[in-house]
Structure formats: C-alpha cells, structure tokens
1. Say a paramagnetic label sat at a point 7 Å from the Cα of residue 108, along Cα to Cβ; which residues of region 71-97 have their backbone N under 19 Å from it?
2. Have a look at 80, 115, 24 and tell me which one the Gaussian network model of the chain (Cα, springs below 10 Å) gives the largest fluctuation.
3. Which order do you get for 103, 128 if you rank them by accessible area with a 1.4 Å probe, largest at the top?
4. With θ set to phi - 60° and the Karplus curve 6.51 cos²θ - 1.76 cosθ + 1.60, what are the ³J(HN,Hα) couplings of region 99-104 in order, to the nearest whole Hz, using x for Gly and Pro?
5. Hey, what number do you get for the chain at 222 nm if only DSSP H runs of n ≥ 4 count, each worth -39500 (n - 2.57), divided across all residues, to the nearest 500?
6. If you average the C-alpha positions of region 13-86 and of region 93-128 separately, how far apart do those two centres end up, in angstrom?
7. Using Cα springs under 10 Å in a Gaussian network model of the chain, which residue among 28, 94, 42 shows the largest mean-square fluctuation?
8. Give me the angle, in degrees from 0 to 90, between the Cα long axis of helix 40-52 and the longest principal axis of the Cα atoms of the chain, rounded to the nearest 10.
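The values are calculated or read from the model by the stated rules, or taken from the named source; none is laboratory data. Fair warning: this is a prediction, and the values are worked out from it, not measured in the lab. Heads up, the Cβs are rebuilt from the backbone with ideal geometry, glycines too, and the neighbour counts pull from every protein chain shown. Areas reflect the complete protein model, heavy atoms only, side chains present, ligands, DNA and RNA absent. Shrake-Rupley method; radii C 1.70, N 1.55, O 1.52, S 1.80 Å.
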Amino acid sequence: MEMINALGRRKASVARVYLTQGEGNITVNGKPYDVYFCQAHVQNIVTDALKTVEVDKLYNLNVNVVGGGFKGQAEAIRLGIARALVKINEEFRVPLKTKKFLRRDPRVVERKKYGKPKARKSFQFSKR
C-alpha cells in the first residue's frame, strides 16, 4: 500500500496526515502523540476516527501540524485522519459521517473591532 495523505483544519491549525500500512504508531511533529498531547481527553480526540472504524492497530500515521492550540490541533488531526481513511476505503464514510468527523468546524475567533477593547465588549456607557 502506498502512502495516503490528507489535510485537516480547525481554527488556526493545519494538519497534514500521512497514512501507511503498519502497526498503529502515531507520530505528531516527530514525537509520539501521547507525548505531544499530554492530556488524555485530547489524545482521545486524535484517535476517535480510528476507533470508530476499528482500524487503530492497522495503520501508521505521521502527522505534521502547525498553528493554533493543542485542542484545535487535535481536532485538525482528527479531520485529516478521517479524510485519509475514506480515501482508503469508501465504506468508512458512513460511520465517520454519522459522528461528524468529516465536517470541518467553521467556527473561528472573531476579529477585534476598532473603538472596542475586544471583539464585542464595549466600554461602559455614561449618559451624563
């Protein structure tokens, strides 16, 4: 099997996922994913797509991720993994789509507006 690659995005994070046949190793930016992501709930986000289609011990994953925070990076990786799995086997689309792993979450941080301290927060109003 050749290398399959896919792209995942979330907030400001971009993850490039390279999937090959193997024994289930996941490396993120050259480190094992459980070292790169210290928190258990974030590690579960990374492996959710693999566990949904029950192939977590069949493929090796090499991931390059840049930008954003750890949660956005983990969700970008999950989207990239889901897209790569669908490229391998089209039957994986239905279970991944029902859990919404193939949908890019469009929510991003709102920009700051001039004359305000934050995006929507205003200074206190005084009538007199």
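1. 71-80
2. Of 80, 115, 24, the Gaussian network model singles out 115 as fluctuating most.
3. Output order, biggest surface exposure first: 128, 103.
4. Result, ordered by residue: 8, 6, 7, 9, 9, 7 Hz.
5. The per-residue figure over the chain is -10000 deg cm²/dmol.
6. For region 13-86 versus region 93-128, the Cα centre distance is 25 Å.
7. 94
8. 50 degrees
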